[in-house]
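J.: A single structure is presented below for examination.
Please treat every number below as a calculation from the coordinates, not as lab data. As the structure is a computational prediction, the values presented were derived from the model and not from experiment. Note that we place each Cβ from the backbone using ideal geometry, even for glycine, and neighbour counts take in every protein chain shown.
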Amino acid sequence: MEAFKEHVGFVVPLDRINVDTDQIIPKQFLKRIERTGFGEFLFNDWRYLENGAPNPEFVLNDPRYANASILIAGANFGCGSSREHAPWALQQYGFKAILAPSFADIFRNNCYKNGILPIALPAEVITSLSQEAQDIEGYQLMIDLEAQSVICPDGTAHTFEIGDFEKDCLLNGLDEIGWTLQYEADIAAFENRGSV
Amino acid sequence: MYEKIWEAHLVRASADEVPILYIDTHLVHEVTSPQAFEGLRLNNRKVRRPDLTFATMDHNVPTMDRALPITDLIAAKQMETLAENCAEFDIPLYDIDSPEQGIVHVIGPELGITQPGTTIVCGDSHTSTHGALGALAFGIGTSEIEHVLATQCLLQQKSETFEIRIDGTLPYGVTAKDIILAIIGHIGIDGGNGAVVEYTGSAIRALSIEERMTVCNMSIEAGARAGMIAPDDSTYEYIAGKRFAPKDENFDAAVENWKQLPTDDGATYDRTLQLNAADIAPQVTWGTNPGMVTDVTGRVPDPSDMATVDEKTATEHALEYMDLQPGTPITDIPVDRVFIGSCTNSRISDLRAAAEVAKGRKVAESVSAMVVPGSQAVKRQAEAEGLDKVFREAGFEWREAGCSMCLGMNPDTLSPGQRCASTSNRNFEGRQGKGGRTHLVSPQMAAATAVTGHFVDIRKFQ
């Protein structure tokens, strides 16, 4: 997995709560057997019109947010299905981090496995960052994972929580399966203890 | 109960590390697994316990005549890939031609694979279904599937515990589906985030095992990691004699162990909620997530009545997408399609309940309705009871088993603008087909809606 230490990027605000994984990557794109090729279908049904042209109403199609790599969204982002295709699509589109007041559990786990950082901040902070991203052309944020901090252009820092293990995995791009396999003896002992 | 199962499955729990949890049963399907198997190959890893892994094909499979070729070549490739992966890694597979094929969350319990006190995972969020038998069961992503294939373990943080207690007697016409929709309406679609829910109380005890599956199935729609119900005599009776269930004296010994699982008297939960079964009415969703739900006697809400700006905006979006006007009585809403199926409501008791309503009646001319059994075994049982005839004579289509129009990955989809009464679990935008509008209901309500062409209060249905 690609490591995540620090990131500076443009910000796009998606002003919706409860964005579900069916919106992030609709089911018609889940039939691929590869891990790649999902970015162009991110938010497909919102992003494109019936005729396939970009929907000018959808924020990702606004030219001023064209190079965004940080997504700000409403509460409970990523609810619904367990499809890891959702973080794949976000990552392959170019997102490195998602800021929201809260995330659905499975989605958040899936993000960590793919080098995307889901950052939960208080609702009022999200609202104000989202407003600034709309008001200020070329608005950028800096994310410092080591310091667990989101830094605004004016220097204001917002700290966020992350589990030590998840942080370590992201900072070092750790292979979790390899990590677990170093305890192979414990697994075997567990299996011998029970009837499994 | 969650804590007992959790403790019993800890392979390693050191204070400064993430706990390693042992997984007893890993269920696999065609859509979320190919990249996991590819990951194993790339890293030259094996499947640690193919004997604890079971695969089936459900999400993509067509529900028309199985003798016909599969016209969706990409879907066919995904199914072929699962077959190749199962052959390569020696995993038992119930493929599209198998008499055991079906929705993974229907066949697990049906075959006795799902057992109390076990940990069960699957790359599908509705894995919470299996908690109905007292298992700790939850959905995982593809990276975690690869992790379980390689190690038979998962790295997991412990969840909070959440007791949802429903006491009292369910009124006539009110079902397990209405219980869970009412709960989600109450706590919201993120009300269970970070928690494992245990459903308790006399109304839950009174449910059959299949009804309990409907409740646990939609735990994820409240954001919960898992949902579970303590095993009891109904559970043991259900499991007895199933193909993978323990036999004879092993079964008796297993039951003795299972009896130790229920939460101890006096134990406390991190969160609690109590509802009275008598207060629950048949539920119908009006919006674009399962929390946007009301009683069948209710009306489409007015965005200006919402408590927060976010909710007001979300309601406006939902009503625009659903093409509904605030204040419209739910029973005035007409539908074009009816879908009876999905891992929520496609078991034999669901089909019996819907058939009872459909019997001797006709699907309204303006409606096209279909019934998709959850598994080939459910289909055979229904046909043995003549339910297929009841449905066909009433004008419902009778299909082969699969996930079908719950998520519309196969050819069963809504057209843009079509409105559907569905017994499935998600009414997200585009879930059943781009531009399609989904209303979630119980099987009885779906059948009655098919007959009348609009939503009806099943309690007054003649």
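J.: For the range A:96-164, which chymotrypsin sites (Phe, Trp or Tyr not before Pro) pass both filters: DSSP loop (anything but H, G, I, E, B) and at most 12 other C-beta atoms within 10 Å?
T.: Those that pass, being in a loop and sparsely packed, number zero.
J.: Measuring from label point to label point, each 7 Å out along Cα→Cβ, what is the B:Glu7 to B:Gln325 span in nm?
T.: 6.0 nm
J.: How big is chain B by Rg and Dmax over its Cα atoms, in Å?
T.: For chain B, the Cα-based Rg and Dmax read 21.3, 64 Å.
J.: Let me ask you something else. Considering only DSSP states other than H, G, I, E and B, which GluC sites (Glu not before Pro) in the range A:120-168 qualify as loop sites with at most 13 other Cβ atoms within 10 Å?
T.: A:Glu137, A:Glu146, A:Glu161
J.: Translational diffusion coefficient, Stokes-Einstein: compute it for the range B:264-371 using the Kirkwood radius over C-alpha pairs as Rh, at 25 °C and 0.890 mPa s, and state it as an integer in µm² s⁻¹.
T.: My calculation gives 144 µm²/s for D.
J.: Further, regarding this structure: State, to one decimal in nm², a quarter of the convex hull surface area for the C-alpha atoms of the range B:64-126, i.e. the direction-averaged projected area.
T.: 5.6 nm²
J.: Starting from the coordinates of the alpha-carbon atoms of the range B:33-73, obtain the Kirkwood hydrodynamic radius over all distinct pairs and give the value in Å to one decimal.
T.: Kirkwood hydrodynamic radius for the range B:33-73: 13.1 Å.
J.: What is the calculated FRET efficiency for B:Asp302 to B:Gln157, with r their C-beta to C-beta distance and R₀ = 35 Å, to the nearest 0.05?
T.: Rounded to the nearest 0.05, the efficiency is 0.30.
J.: Could I ask something else about it? If you average over every viewing direction, what projected area does the convex hull of the Cα atoms of the range B:181-259 give, in nm²?
T.: With the hull built on Cα positions only, its mean projection is 5.8 nm².
J.: Let me ask something else about it. Could I get the Rg over Rh figure for the range B:140-223? Both from C-alpha atoms, Rh via Kirkwood, rounded to two places.
T.: Here the Rg-to-Rh quotient is 1.07.
J.: Can you give me the Kirkwood hydrodynamic radius for the range A:66-138, using every pair of distinct Cα atoms, in Å to one decimal?
T.: Value: 12.5 Å, from the Cα pair sum.
J.: Stretch A:Glu6-A:Ala189 to full length: gain in nm at 0.36 nm per residue minus the Cα-Cα span?
T.: In short, 61.9 nm is gained.
J.: Tell me, what does the Kirkwood hydrodynamic radius of the range A:1-143 come to in angstroms if you use every pair of distinct C-alpha atoms?
T.: Mean inverse Cα-Cα distance, inverted, gives 15.2 Å.
J.: Listed highest first by mean packing, meaning other Cβ atoms within 10 Å per residue, what order do A:48-58, B:375-385, B:89-99 come in?
T.: Descending packing order for the listed peptides: B:375-385, B:89-99, A:48-58.
J.: Taking the range A:140-194, how much of its Cα-Cα pair set, in percent, is spaced more than 12 angstrom apart?
T.: The answer is 72 percent, as a whole percent.
J.: Just subtract the alpha-carbon distance of A:Asp175 and A:Asp144 from 0.36 nm times their residue separation and send over the number in nm, one decimal.
T.: Extra length from A:Asp175 to A:Asp144 when fully extended: 9.0 nm.
J.: Ok, one more. Provide the percentage of antiparallel DSSP beta bridges, counting only those with both residues in chain B; round to the nearest 5.
T.: 20 percent
J.: Another question about this same structure. Can you pull the mean other chain C-beta count within 10 Å for peptide A:179-186?
T.: For this peptide, the per-residue mean of nearby foreign Cβ atoms is 5.
J.: For the protein assembly as shown, how big is the tail of P(r) above 48 Å, as a whole percent of Cα pairs?
T.: 9 percent
J.: Which of the aspartates and glutamates could a cross-linker bridge to A:Lys27, judged by Cα under 17 Å and excluding same-chain residues fewer than eight apart?
T.: A:Glu40, A:Asp45, A:Glu50, A:Glu84, B:Glu30, B:Asp58, B:Asp72, B:Asp124, B:Asp412, B:Glu429
J.: Considering only DSSP beta bridges whose two residues both sit in the protein assembly as shown, what percent are antiparallel, to the nearest 5?
T.: Antiparallel bridges make up about 30 percent of those DSSP assigns within the protein assembly as shown.
J.: Right, something else. Just grab the label-to-label distance for B:Asn43 and B:Arg392, each label 7 Å out from Cα along the Cβ direction, in nm (one decimal).
T.: 5.0 nm
J.: Starting with the highest mean, order B:166-179, B:265-278 by the number of other Cβ atoms within 10 Å, averaged over the residues of each peptide.
T.: B:166-179, B:265-278
J.: Hey, another quick one. Quick one: check the C-alpha center-to-center distance for the range B:91-131 versus the range B:36-52, whole angstrom.
T.: If you average the Cα positions of each part, the centres end up 20 Å apart.
J.: Next up: Mind checking the mean number of beta-carbon atoms from other chains within 10 Å of the Cβ atoms in A:19-32?
T.: Counting other chains' Cβ atoms within 10 Å and averaging over A:19-32 gives 6.
J.: If you don't mind, another one. Evaluate peptide B:424-432: per residue, the Cβ atoms of other protein chains within 10 Å of its Cβ; return the mean as an integer.
T.: What the average comes to for B:424-432 is 4.
J.: Let me ask something additional. What are the principal axis extents of the Cα atoms in the range B:91-208, in Å, biggest first?
T.: Principal-axis extents of the Cα atoms in the range B:91-208, largest first: 45, 37, 24 Å.
J.: For the pairs A:Lys31/B:Lys379; A:Lys167/B:Lys259; B:Lys4/B:Lys77; B:Lys242/B:Lys389; B:Lys177/B:Lys312, note any where the Cα-Cα span goes beyond 32 Å.
T.: A:Lys167/B:Lys259; B:Lys4/B:Lys77
J.: Please give me the summed charge of the neighbours of B:Asp65: other residues whose Cβ is under 11 Å from its Cβ, Lys and Arg +1, Asp and Glu -1.
T.: Result for the local shell: +1.
J.: Let me see the pair-distance distribution of the range B:345-462: every alpha carbon pair, 10 Å bin width, integer percents in order.
T.: 15, 48, 33, 4
J.: Could I ask something else about it? May I have the convex hull volume per residue, in Å³, for the Cα set of the range B:403-458?
T.: 74 Å³
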